[in-house]
1. Name the one entry in A110, A83, A103 that is in a helix (DSSP H, G or I), closer than 24 Å to I47 by Cβ and not aromatic (F, W, Y).
2. Just for segment 97-112: of the residues that are under 11 Å from the mean Cα position of the chain (by Cα) and either among the β-branched types (V, I, T) or open to solvent by less than 70 Å² (accessible area, probe 1.4 Å) (or both), which one is nearest to V57 (Cα to Cα)?
3. Considering each of I125, I152 in turn, give the residue that is more than 12 Å from the chain's Cα centre (by Cα), closer than 27 Å to L4 by Cβ, β-branched (V, I, T) and assigned to a helix (DSSP H, G or I).
4. Applying the selection to segment 66-86, what residues are free of Cβ contacts under 8 Å to residues at least 60 places away in the same chain, among the small types (G, A, S) and open to solvent by less than 10 Å² (accessible area, probe 1.4 Å)?
5. Anything in segment 83-116 that is in contact with a Lys or Arg (Cβ under 8 Å, 6 or more places away or on another chain), closer than 25 Å to Q14 by Cα and either of a type outside the set (A, V, I, L, M) or at pLDDT below 95 (or both)? List them, or say none.
Amino acid sequence: MSELHIIRYTPSYQTDFVRLNSGWIRTYFRPETSDLEVFSDPEGKIIKPGGQIFLAVDGQGTCIGCCALIRHEAATFELAKMAVAPERQGSGAGRLLGEAALAYAREQGATKVFLEGNIRLEASIRLYRKLGFTEVPLGEVVYDRCNIKMEIDWKR
């Protein structure tokens with residue numbers, strides 16, 4: 001795990017961000033309109049509105065994972081677009097990415113971070129629980145594929 005470094009997004013990583021996320025989405029579901037919008041303009045859709053994208057890069061400089069933190073309100077963020085290359089799953093990259101995103105959210109004054117997922121992706125749900133997320137009522141979701149909503153509420 002020491003060979004992995006978490007860095008922030010630059011446009012040179014757009015292809016990796018799209019590749020990693022398209023991979024898992026196409027394996028289990030299908031890309032939706034909102035996926036395609038984010039993939040075409042990660043800076044405009046995520047970073048410029050106050051969010052951030054984190055990348056896990058190995059010792060050879062290869063991007064093996066990513067996740068996004070999307071600002072919804074001044075103190076509310078969404079953890080989204082988390083993906084780790086299949087051959088590197090279990091390396092600890094997902095946990096490092098999640099920890100980096102949560103630390104950034106706190107630095108930005110967040111009181112709540114939520115995510116929308118699918119219970120079919122059991123390893124990701126286990127990771128989210130380890131990071132401190134708890135299940136909350138689903139409510140409205142952005143993606144058809146989502147059937148679970150989880151959050152961390154630091155106001156409690």
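The values are calculated or read from the model by the stated rules, or taken from the named source; none is laboratory data. Just so it is clear, the structure is predicted and the values come from calculations on it, not from any experiment. For neighbour counting, all protein chains shown are included, and Cβ atoms are generated from backbone atoms with ideal geometry for every residue, glycine included. Only protein heavy atoms, including side chains, enter the accessible area calculation; ligands, DNA and RNA are left aside. Shrake-Rupley method; radii C 1.70, N 1.55, O 1.52, S 1.80 Å.
1. A103
2. So, considering only residues that are under 11 Å from the mean Cα position of the chain (by Cα) and either among the β-branched types (V, I, T) or open to solvent by less than 70 Å² (accessible area, probe 1.4 Å) (or both), the one nearest to V57 (Cα to Cα) is L97.
3. None of the other options fit; the residue is I125.
4. If the condition is that a residue be free of Cβ contacts under 8 Å to residues at least 60 places away in the same chain, among the small types (G, A, S) and open to solvent by less than 10 Å² (accessible area, probe 1.4 Å), then A68 is the only one that fits.
5. Selection gives R95, Q108, F114, E116.
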